[in-house]
Protein chains: 4
Amino acid sequence: MSIDLAAPPDSQAAADPPASSRPVRVGIVGAGQQATTHLVPALLQVPHARISAVVDPDQPRRDRLALRVGVPDRLATVAQLLDGGLVDCLIAACPPQAHEQIAAAAIDAGIPVFVEKPPATSTAVLAELAAAAERGGVLTGVGMNFRWAAPVRRLHTLVGDHQPSGPSMIGVRHVASKPTTSMWGLPLWNSFLLAQAIHPIDLLLSLAGAPAVDIQPACRQTGDQVWFGLQTHHANGTIGTVHCGNLAPRFEHRIEVSTTTGITANLTSLADLTVTYPASDALHTGRNQRGTSSHWRPSPLDVGYGRAGFGGELAAFCTAVATGGRFTPSLADLLPTYQIMDQLTPTGGTA
Amino acid sequence: MSIDLAAPPDSQAAADPPASSRPVRVGIVGAGQQATTHLVPALLQVPHARISAVVDPDQPRRDRLALRVGVPDRLATVAQLLDGGLVDCLIAACPPQAHEQIAAAAIDAGIPVFVEKPPATSTAVLAELAAAAERGGVLTGVGMNFRWAAPVRRLHTLVGDHQPSGPSMIGVRHVASKPTTSMWGLPLWNSFLLAQAIHPIDLLLSLAGAPAVDIQPACRQTGDQVWFGLQTHHANGTIGTVHCGNLAPRFEHRIEVSTTTGITANLTSLADLTVTYPASDALHTGRNQRGTSSHWRPSPLDVGYGRAGFGGELAAFCTAVATGGRFTPSLADLLPTYQIMDQLTPTGGTA
Amino acid sequence: MSIDLAAPPDSQAAADPPASSRPVRVGIVGAGQQATTHLVPALLQVPHARISAVVDPDQPRRDRLALRVGVPDRLATVAQLLDGGLVDCLIAACPPQAHEQIAAAAIDAGIPVFVEKPPATSTAVLAELAAAAERGGVLTGVGMNFRWAAPVRRLHTLVGDHQPSGPSMIGVRHVASKPTTSMWGLPLWNSFLLAQAIHPIDLLLSLAGAPAVDIQPACRQTGDQVWFGLQTHHANGTIGTVHCGNLAPRFEHRIEVSTTTGITANLTSLADLTVTYPASDALHTGRNQRGTSSHWRPSPLDVGYGRAGFGGELAAFCTAVATGGRFTPSLADLLPTYQIMDQLTPTGGTA
Amino acid sequence: MSIDLAAPPDSQAAADPPASSRPVRVGIVGAGQQATTHLVPALLQVPHARISAVVDPDQPRRDRLALRVGVPDRLATVAQLLDGGLVDCLIAACPPQAHEQIAAAAIDAGIPVFVEKPPATSTAVLAELAAAAERGGVLTGVGMNFRWAAPVRRLHTLVGDHQPSGPSMIGVRHVASKPTTSMWGLPLWNSFLLAQAIHPIDLLLSLAGAPAVDIQPACRQTGDQVWFGLQTHHANGTIGTVHCGNLAPRFEHRIEVSTTTGITANLTSLADLTVTYPASDALHTGRNQRGTSSHWRPSPLDVGYGRAGFGGELAAFCTAVATGGRFTPSLADLLPTYQIMDQLTPTGGTA
């Protein structure tokens, strides 16, 4: 067996530009921090995308962003944008309540729509939107950038390629320093779930290779400190774990995978991937060790938005818009993640 | 707040030699691999210990070990040793069934006894032995070297010193490449529990700072592959997780701790300890980051038996023998670990 | 002593936007790979900069770049741009021969100019340009992004703040996989110097804190393999070393610094900075170790162009344009680096 | 190409016990710290060695060590030991002046002798001893443990196996926190050379694969701070560098190698070995990366004296004694290292 950590991840094809020469016209909805520092610069690197309009009710804000990227069409509302026929799709980075409305309007108008996470404030609303998109045959996408992070794609390829029977154990640790106050008018616990916990749960489900058939949560809240453990059992025998909280001085992220084919993988900080696999040739194996480790880290000059996933997800979404293809995760793909979050209810910090 | 990772761990005092000048006379029981490569060389580094006798029914084996360390008294049975008054304590490295008999005999004779893990084949026998030791006031010890590993002691000190309310989340990952066959005449699953799982469970309980009030296991066996996830809830609010299996090409070990005082610690391979804690001075904090990380790793020339814990546990046990003090973990201290193992029963690899 | 690796580097002030509200109008010269993937996206993140024109003799190429960032003014020559009064400065990413002409024209026109490395093909031409800029009082800049890489700025602050007498030893390792063929019509050795070696030599000189008073080179070329060692002696006692070559399968980068105040720093891959400094309190020092290590690495979600230096250098250059301030490195600042390169002449791979 | 970092290093054969059943009888000379904590415990792990006598003029010290390892013969002088015919070889850990006398006496008596570093106080004396050993056909050895450290052996195998033309660049960084005062009655600079600098210089020469044909030193002393850079040119085109000093809060060690066959290797702290080599199959190579990295680190439970080299060198020396074979490094093998040290003379810290 040989594992090439330098090979392009399997998602690359999906992100490749389509043959068609006309670029996808994108309407940016929401000219705030996330759009300005992540989505728009990442989109500017997508060769087959063109930002055609910026929508934000705050005029100075939308003008500032539009000016910087030379976009002439600046609008106050999504309705104006959808009426104008100016764009092929919407990409929105707003509060979740706005995402609900934007997605509903776009689906209603038959326009593909990508919303940053969290896509909705509740499972019920999310399910409604997903059903509407399904009925209308409208392409949707959610910005779960961890799924599309370059080293996670490599991990995914490894797990998928080298094990017919699936992983055996997956651990995701996602401990942040926020939120410690309410966001989006929601209670702290819900803010924490929608801002942070959504990521590791979604990542675990996407790596497990089979639906969760049982979950065991353990949730705590003490003042403004929140944390939980989550153990999942999957239909293919995989056991998953999430540790998540707002207690760390700095954001810490780690994924650990063991497979039934004897591969283990550890990805620290989306920047340090070590994969260990059984030695191919027993003759060369030392007396005290078995297995070989391969190691990947980004180039010293790694720049841009690919490593964190923003580049890959936007390129793939625009490709799907251009080709009429699929995109993952869609609104519907987030439902299992929301259903697990519904079962997470904190008790006090001491039992 | 300042955290000095270079400070001596709190266990140092316990391991310091007592003032008394006469060394503790140790009888080694079992002259096999574990005694030869770990316990005996570690003991030779303990200034207040002296190996006085070697017991093994296999004469060439006991002679070989005794000759190497210049021990004149070589005996075939523990009974001969206990009758002779030659030693102040026994240190045994044998199969668990033999540990049961050796511990029983030593306790009966009132002689302190230290047995390598696993100390017994069942909770019932372990409880009987612990009760007998309690009744007789006999010092006992179990060789759970991970507890005494130098970087784990540092971790323990950190967790203990800096958080009145205990840790919030603890994860222990202990994935080995063995056993894949029966050991000690026991089924594979039980062999795996007693040879491997005993370590991370014991380590988790010793770090949690409070008893487990609930446990959630998820266990799998497929052919000779075994693995489990374990989630524990502790009386102080701590949530613990163990991932353990025999699937890795090489032994992998990691401990991750988050505390409610904002400290996180990661210990990889007992060799790489990173502790992150809130910045003491907000003025010096960068815009995009909070917290400071300290890093510890062994010296390039680290040698001997301290890092892996064998040196520390044996020094501390001999000190307890000399001074009439306590030693942790005793036989009784292992009961909670055994009680958890009793609840681990595998289902097939696919649910 | 306390070292805060999370503190903003000292260069931050220089890069902060000036109070003036009118953005700096930038003319991009050269619409190739480097401009498209590094300089333009990095510039789009600089709040006080606006790309106002794109110049490239290749019309499809300049149209493609201009279209993507919404720039109306697209020109074939620098002369047209300088005549038009459309921009406040030029930022050029072209072959070095073109940099020479662009810089000369801009200096002649009194327009600030920033050129990517290498700024010129020879020391003589570089000296002429620097002298002309000096005479004309024209701001110049060279794109030596390593100097501006976020972790290098932290390193610089550490070295500058904590040691009156300067560093004692600095090692820079910069081993790439290219070039292995001629670039820019120059021989391989010269291509290698101007494309790769210029970086570690410039970095060493910028960290040394004093001019080099003696240099000892050792250069090798065997077929398309080139490498050299370089040892420098500095006026403040610092000893520097560069290892550079085109032999590595992947680009590897490391900086190691020791100072006379007992600080050591290691920066690997511009991503992993460990600083060790003497323990502040001897009482807390362990028996076998002295010193405390702090550790910095980018956030898992680090994105954009700051870590690799492209963001910082362009922001600072635009600030200097707006405020009439200084920028480092100017064309003149590169002269010592070129003078060292002039002394690097390869001998065959075997002496 | 496939590189198996888990394979046993090529030195293993040399260290394997000989077929002869009688163990090698070792006389330990010097019962101080180095013998007690490193050499004696390492020797106890060598199956074909037996400590037969302990020599030290300080009676309590020699009794303490002898008692611990059960050695009956305790002597005050080497002369007594050599007269007695009690041992097959001497292993000495004393000040260098004593090493000179012990080696001379052993060579004169025709008894194999291994001395810890430094073996002598001057090149002249070392050359005399080496010549005497050559004349007498007496086996000698010097305790340069870094050469025999397990990960250095792996590195050596890699460099030797995979490159007919030798390495291209080797860097050794060895920065310690001592000595800061005179040792063995010698000036600080000489103490520093014999206690610290001898290691990285010897390591560089042993890895270079060809003699040094030119050396370029740069040495500094300011008060009790000493450091130097050293650049070496080797007959096979290799360029070597040493950075060495007493300025670090903790001991730091790193070896970096590039070869003309496109392999790079980095060994940090004798504990973390990363080897990168060209990808075997261009089809699997990613667009932005070439090469594959393999990673080795010690097991979490690595114990004993093998990693730091003490175990390997003593096992190999005892094998050579038993079989009449060779051992490296002999006294003569250290001469090139001493000749380089003779050219290291400090100037003041500021030029």
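FYI, it's all coordinate maths here, none of it is from the lab. Note that the structure is predicted; figures quoted are calculated from it, not measured. A quick note on method: Cβ atoms are made from the backbone with ideal geometry, for glycine too, and the neighbour counts reach across all protein chains shown.
Each of A:153, C:68 was scored by other Cβ atoms within 10 Å of its Cβ. Listed from fewest to most, they are A:153, C:68. Given the options D:215, D:132, D:156, identify the residue whose Cα lies farthest towards the positive end of the charge dipole of chain D (+1 on Cβ of Lys, Arg; -1 on Cβ of Asp, Glu). Towards the positive end, the residue furthest out is D:156.
By the combined test of axial Cα extent (at least 18 Å) and Kyte-Doolittle hydropathy (mean at least 0.5), the qualifying DSSP H helices of chain D come to D:123-136, D:310-323. The other copies place their residue C:325 label points at 4.6, 6.0, 6.7 nm from this one, listed shortest first, where each point is 7 Å from Cα along Cα→Cβ. Using Cβ point charges alone (K and R +1, D and E -1), the dipole size of segment D:150-296 about the Cα centre works out to roughly 220 debye. Computed with the Debye formula from one identical point scatterer per Cα of segment B:106-245, without solvent, the log10 of I(q)/I(0) at q = 0.09, 0.17, 0.18 Å⁻¹ comes to -0.33, -1.09, -1.17. P(r) tail, segment D:12-145: Cα-Cα pairs separated by more than 20 Å, 42% of all pairs. Taking the Kirkwood radius as the inverse of the mean 1/r across Cα pairs, report the Rg/Rh of chain C. Answer for chain C: 0.99. The two copies C and A are related by a rotation, and the chain C beta carbon nearest its axis, with distance in whole angstrom, is C:70, 1. Each residue in B:184, D:227 was given a count of other beta-carbon atoms within 10 angstrom of its own, and listing them fewest first yields B:184, D:227. So who's got an amide H within less than 5 Å of the one on residue A:143, skipping anything under 5 residues away but keeping other chains? H placed 1.01 Å off N, in plane. Counting only residues 5 or more places away or on other chains, the set is A:115, A:116, A:117. With distances taken between every two different alpha-carbon atoms, segment D:63-117 has a Kirkwood hydrodynamic radius of 11.8 Å. Taking the DSSP beta bridges with both ends in the protein assembly as shown, the antiparallel portion is around 60 percent. On a per residue basis, the convex hull of the C-alpha atoms belonging to the protein assembly as shown measures out at 164 Å³.
Basic side chains Lys and Arg get +1 at the Cβ, acidic Asp and Glu get -1 at the Cβ, and with that the dipole of chain C about its Cα centre reaches some 680 debye. For segment A:12-144, the share of DSSP beta bridges that are antiparallel, to the nearest 5, is 0%. Taking the fewest neighbouring Cβ atoms within 10 Å as the starting point, the ordered list for C:228, A:310 is C:228, A:310. So if I take the centroid of the Cα atoms in segment C:177-205 and the same for segment A:133-208, what is the distance between those two points in Å? Value for the Cα centre distance between the two parts: 43 Å. Per the Kirkwood formula applied to alpha carbons, segment B:293-351 shows a radius of gyration over Rh ratio, Rg over Rh, of 1.19.
Ascending distances from the residue D:22 label point to its copies in the other chains, with the point 7 Å along the Cα-to-beta-carbon line: 4.0, 9.6, 9.9 nm. Looking at chain D alone, DSSP beta bridges between its own residues are antiparallel in about 60 percent of cases. Sorted shortest first, the distances from the residue B:108 label point to those of the same residue in the other copies are 6.3, 8.6, 10.7 nm; each point sits 7 Å from Cα along Cα-to-Cβ. Adding -39500 (n - 2.57) for every DSSP H run of four residues or longer, then dividing by how many residues the protein assembly as shown holds, sets the calculated 222 nm ellipticity at -8500 deg cm²/dmol. Segment A:58-105 and segment B:42-87 have Cα centres separated by 82 Å.
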